[in-house]
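Down below is the structure, laid out as structure tokens.
The values are calculated or read from the model by the stated rules, or taken from the named source; none is laboratory data. Bear in mind that the values here come from a model prediction, so they are computed numbers and not experimental data. Here the Cβ positions follow ideal geometry from the backbone for every residue, glycine too, while neighbour counts run over all protein chains shown. The accessibility values were calculated without ligands, DNA or RNA, using every heavy atom of the protein model including side chains. Shrake-Rupley method; radii C 1.70, N 1.55, O 1.52, S 1.80 Å.
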Amino acid sequence: MKSVTIRGLHKSYGDQHALRGIDLEFREGEIFGLLGPNGAGKTTLVYILATLRSFDEGAVTVCSYALPKKSQQVRESVGIVPQELAVYDEFTARRNLLYFGGLYGIPSKTLKERIAQALQLVGLTDHADKRVATFSGGMKRRLNLAAGLLHRPRLLLLDEPTVGVDPQSRHRIFEAIRQLSREVGMTILYTTHYMEEAEDLCDRLAILDHGTLVACDTVPALLRSLGPAVVRIEFEESMPLAESRLLAQPCFSSVSTADGVLQVGTEQPEEALRALLEFARQDGLHIRDIQVRPPSLQELFLQLTGSDLRD
Amino acid sequence: MRGLSTVLWKDFLLLYGNPAAAVLLIVLPLIMIVFVSFAFEKLLIGDPRLDLSVVDLDDSAASRDLTHDLDEVVSVKEHAWDQDRFTGEDAAGLFGSGRRVAVLVIPRQFEERRAADEPSPLQLYVDPAQRGLASTLRSAVENRLQSEDLLETTTTVVAEVSGRPSEEVRPDVEAALAEALSDPSIPIDEQDLIEGRSLPSAFEQTVPGFTLMFSVFLASAVAGQIALERRTRGTWFRTLASPVGRPVVVLGTVLAAFSLGVLQSVILFAIGRFAFGMELGSEYLGLALAIILFQMVPAGLGLALAGYTDNIQLQNNIINLSVLLFAVIGGALLPLFLLPDWMQFLSRFTPHFWAMQSLHDLMFRGRDLADVAFKLSILAVFAVIPLTLGFLRFQFQRDA
């Protein structure tokens with residue numbers, strides 16, 4: 001079953017293209033990661049799914065409801081945890097949750113039960129009646145998550161929910177997300193620019209760059225596209241070898257170059273290393289560092305976009 | 001409307017839990033009401049005599065008579081001076097603090113010279129910073145001195161015609177002139193429009209004015225709250241992502257601010273009534289309507305502003321300007337008759353004018369609700385226009 005279907009989605013802000021023909025599908029109950037640097041279009045996509053932004057072209061269906069026609073039904077089915085801390089510092093944690101739950105018309109008794117469950121899920125039961133202004137950043141982030149869960153959404157949109165969070169709170173948030181996916185069957189869209197988070201948490205991943213979808217698959221499948229190993233060489237010189245020459249090598253499955261760093265994915269690490277050293281010798285390049293290791297999302301991102309995610 | 005009670009509840013808690021709102025809406029206007037009422041009591045309740053410092057260097061019967069006569073047209077503040085001469089430096093010292101506008105000096109030998117029919121000019125020192133008021137003061141003094149001349153001339157003429165000595169006819173002439181001046185041939189018959197109603201006190205002038213003036217600050221509460229939620233908090237996005245519609249979200253903020261405005265008016269009018277003896281008339285429904293309609297204006301102004309800009313600094317600048325400008329032009333800060341004609345004309349384009357006139361009609365002029373219906377209708381237009389603009393703006397915004 002598809003929870004979300006996106007076809008040919010375009011969105012512009014004046015002359016600036018935020019999304020350029022995105023095609024995506026989220027399966028019910030999966031944790032779907034959306035990876036990309038700042039300005040890639042992640043938040044725009046989240047806001048479109050939450051009915052907070054209109055779109056220029058394309059078709060979007062959320063929980064079987066087509067946007068923008070069925071916006072009201074979509075709002076009933078979707079929960080959002082915005083990047084900003086969407087809680088009131090002036091209120092206690094409980095009062096915040098009473099407010100956000102109240103917006104969905106949940107009966108009072110049910111709402112109180114759900115608030116207790118949500119507070120327990122994010123580990124804030126003991127702080128329920130304290131003013132949010134006294135909370136640490138991590139506690140606020142956890143409350144931010146709890147506020148998006150009270151109406152039991154079928155799709156939960158998490159827009160960078162761990163920005164500026166301490167390791168303990170990050171762990172809590174991860175546990176809560178896994179629990180929601182595993183036990184409640186909630187579909188979760190998780191946007192981040194932390195590779196490790198995406199790798200650790202998500203069933204499937206999409207990589208966005210400048211509003212374009214550059215890859216979408218499970219994490220192992222994406223990593224496999226680089227080959228079982230990655231050879232990374234850092235040169236003293238700023239301009240490394242020409243990519244066209246390297247791609248002619250049969251033992252290189254992928255090649256990327258950036259800022260004096262050459263990276264190749266390969267099925268045969270020893271062959272690849274030998275070939276690279278030979279190229280460097282022929283071109284008179286001086287090597288600063290060599291690494292041979294299993295591929296990571298960082299390398300995948302570099303290969304797909306030509307830049308580091310945190311640039 | 002779905003979710004309205006939830007949004008309202010949140011906005012009530014945020015607004016009523018903000019001590020700055022109470023200070024701005026209750027404490028500040030109350031301070032202004034008390035100080036302005038006492039400060040301008042003489043002007044507001046009809047005793048506009050200006051203070052005049054008099055330095056009597058002669059200290060004679062004639063100079064004391066003159067001082068006594070002057071006190072009927074200006075408020076004389078006597079200053080004893082031991083020195084032989086009084087200089088401009090001494091005068092500057094007297095009005096240097098801004099407490100006096102002018103100093104009138106009665107020179108030495110004033111009585112002797114008057115008796116000898118020699119000129120004995122009075123010296124008037126005027127504060128250069130208060131020339132406008134000083135000319136009013138000078139006119140009042142001159143009128144008084146001309147009355148004195150009139151008495152002298154008439155006494156001389158009557159003495160000559162009757163062949164009696166001047167000293168003998170003087171008391172009769174003085175009495176006849178006094179009677180003529182106090183009972184002019186064209187009498188003024190003041191009509192009492194509201195029988196039994198005493199003159200409005202200073203507080204009855206200032207309480208309605210300052211209540212209206214300060215309640216415009218509520219526009220900041222509406223515009224600022226919406227801007228704050230939109231710009232710095234994700235709460236705006238989370239609320240709009242719920243099934244509650246956008247107009248309902250802003251309606252909560254508007255209603256909370258409006259209720260606070262009505263509460264502010266009730267509190268200030270109650271303080272005026274019970275602490276300062278302000279009379280409210282008998283048309284309570286009319287007063288309530290005037291207040292309710294007026295309090296919709298700042299709520300609407302705030303909403304309309306929030307619809308067009310999220311810049312809180314810009315919002316506050318516009319609102320602060322509106323507070324002062326509307327209060328001055330609309331007659332909330334100063335009585336309208338003090339304004340020039342062109343400004344009195346402009347006052348009709350402010351909600352303050354219609355609210356103040358309605359309140360004055362009901363409180364002081366003995367009018368009833370039917371009499372002020374037209375003025376209240378105009379006030380309602382001032383309330384509805386910004387509210388409609390604001391709601392339409394939010395209703396038709398495509399993105400959050």
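A:Thr51 fulfils the conditions (1) within 23 Å of B:Arg230 (Cα to Cα); (2) in contact (Cβ under 8 Å) with a residue 40 or more places away in the chain; (3) buried (at least 16 other Cβ atoms within 10 Å of the Cβ) except for a single criterion, (2). Take the residues in the stretch B:347-374 that are touching a Gly at 6+ places or on another chain (Cβ under 8 Å) and surrounded by fewer than 17 Cβ atoms within 10 Å (Cβ to Cβ), then tell me which one is nearest to B:Ile291 (Cα to Cα). Across the stretch B:347-374, the extreme among qualifying residues is B:Asp368.
Residue count for the stretch B:140-154 satisfying the condition of being more than 13 Å from B:Leu66 (Cα to Cα) and exposed (fewer than 11 other Cβ atoms within 10 Å of the Cβ): 0.
Scanning the stretch A:157-186 for residues that are without any contact (Cβ under 8 Å) to a residue 60 or more places away in the chain and of a type in the set (A, V, I, L, M, F, W, C), we see that the one that is farthest from A:Gln120 (Cα to Cα) is A:Val165. A Cβ distance below 6 Å, combined with a sequence gap of six or more or placement on separate chains, defines the contacts here; from the stretch A:90-103, residues that are at the interface with chain B (Cβ under 7 Å from one of its Cβ atoms) reach residues that are part of a helix (DSSP H, G or I) and of a type in the set (S, T, N, Q) in the pairs A:Gly102/B:Thr6; A:Leu103/B:Thr6. Mind checking whether some residue in the stretch B:275-292 is out of contact with any helix residue (DSSP H, G or I) (no Cβ under 9 Å at 6 or more places or on another chain), under 20 Å from B:Phe214 (Cβ atoms) and surrounded by fewer than 24 Cβ atoms within 10 Å (Cβ to Cβ)? There is no residue in the stretch B:275-292 that is out of contact with any helix residue (DSSP H, G or I) (no Cβ under 9 Å at 6 or more places or on another chain), under 20 Å from B:Phe214 (Cβ atoms) and surrounded by fewer than 24 Cβ atoms within 10 Å (Cβ to Cβ). Residues of the stretch A:187-203 include at least one that is charged (D, E, K, R), crowded, with 17+ Cβ neighbours inside 10 Å and either touching a residue at least 12 places away in the same chain (Cβ under 8 Å) or not in a strand (DSSP E or B) (or both). For the stretch B:87-111, the set of residues classified as modelled with pLDDT under 75, crowded, with 18+ Cβ neighbours inside 10 Å and charged (D, E, K, R) consists of B:Arg100 only.
If you go through the stretch B:112-129 and keep only what is touching a strand residue (DSSP E or B) at 6+ places or on another chain (Cβ under 8 Å) and either under 12 Å from B:Leu52 (Cβ atoms) or surrounded by 16 or more Cβ atoms within 10 Å (Cβ to Cβ) (or both), you end up with B:Leu122, B:Leu124, B:Tyr125, B:Val126, B:Asp127.
Considering A:Glu237, A:Glu278, A:Glu243, which residue is modelled with pLDDT of 80 or more and not β-branched (Val, Ile, Thr)?
On the way: A:Glu237 fails: modelled with pLDDT of 80 or more; A:Glu243 fails: modelled with pLDDT of 80 or more.
Only one candidate passes the filter, namely A:Glu278.
Any residue that is within 26 Å of the chain's Cα centre (by Cα), free of Cβ contacts under 8 Å to residues at least 60 places away in the same chain, open to solvent by 10 Å² or more (accessible area, probe 1.4 Å) and more than 7 Å from chain B (Cβ to nearest Cβ) - is there at least one of those in the stretch A:72-85? Yes, some residue in the stretch A:72-85 is within 26 Å of the chain's Cα centre (by Cα), free of Cβ contacts under 8 Å to residues at least 60 places away in the same chain, open to solvent by 10 Å² or more (accessible area, probe 1.4 Å) and more than 7 Å from chain B (Cβ to nearest Cβ). Among all residues of the stretch B:330-338, there is none that is surrounded by 23 or more Cβ atoms within 10 Å (Cβ to Cβ) and in a helix (DSSP H, G or I).
This table checks each residue for (1) within 30 Å of B:Phe203 (Cβ to Cβ); (2) assigned to a helix (DSSP H, G or I).
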{"site": "B:Trp236", "(1), (2)": "no, yes"}
{"site": "B:Gln264", "(1), (2)": "yes, yes"}
{"site": "B:Met278", "(1), (2)": "yes, no"}
{"site": "B:Ala288", "(1), (2)": "yes, yes"}
{"site": "B:Asn320", "(1), (2)": "yes, yes"}
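The residue that is surrounded by the most Cβ atoms within 10 Å (Cβ to Cβ), among those in the stretch A:288-308 that are more than 11 Å from A:Arg232 (Cβ to Cβ) and aliphatic (A, V, I, L, M), is A:Leu300. Right, A:Ile22: away from chain B (no Cβ under 14 Å), surrounded by 22 or more Cβ atoms within 10 Å (Cβ to Cβ) and touching a residue at least 60 places away in the same chain (Cβ under 8 Å) or not? Here the answer is yes, as A:Ile22 does meet what is asked.
Step by step: first the residues of the stretch A:52-67, then only those that are facing chain B (nearest Cβ under 9 Å) and not basic (Lys, Arg), then the one that is nearest to A:His17 (Cα to Cα). Which residue is that?
Start the filter on the stretch A:52-67 by keeping residues that are facing chain B (nearest Cβ under 9 Å), which leaves A:52-54.
Restricting the remaining residues to those that are not basic (Lys, Arg) gives A:52, A:54.
Numbers: A:Leu52: 17, A:Ser54: 14 Å.
For the stretch A:52-67, the residue satisfying everything is A:Ser54.
When B:Pro386 is tested against the conditions (1) outside any helix (DSSP H, G or I); (2) open to solvent by less than 60 Å² (accessible area, probe 1.4 Å), the lone failure is (1).
Within the stretch B:230-246, restricting attention to residues that are modelled with pLDDT under 80 and more than 9 Å from chain A (Cβ to nearest Cβ), the residue that is surrounded by the fewest Cβ atoms within 10 Å (Cβ to Cβ) is B:Arg231.
When residues in the stretch B:1-31 are screened for being away from every other protein chain (no Cβ under 13 Å) and small (Gly, Ala, Ser), 1 of them pass. For the stretch B:301-313, the criterion of a residue being farther than 22 Å from B:Leu251 by Cα, open to solvent by less than 20 Å² (accessible area, probe 1.4 Å) and part of a helix (DSSP H, G or I) is satisfied by no position. Taking the stretch B:66-169 and the helices (runs of 4 or more DSSP H) fully enclosed by it, the elements with 3 or more residues that are touching a Leu at 6+ places or on another chain (Cβ under 8 Å) and under 28 Å from B:Ala180 (Cβ atoms) are at B:131-162. Has the stretch B:237-260 got at least one residue that is more than 21 Å from B:Phe391 (Cβ to Cβ) and assigned by TED's automatic domain parsing to the domain that holds B:Ser377? Yes - at least one qualifying residue is present in the stretch B:237-260.
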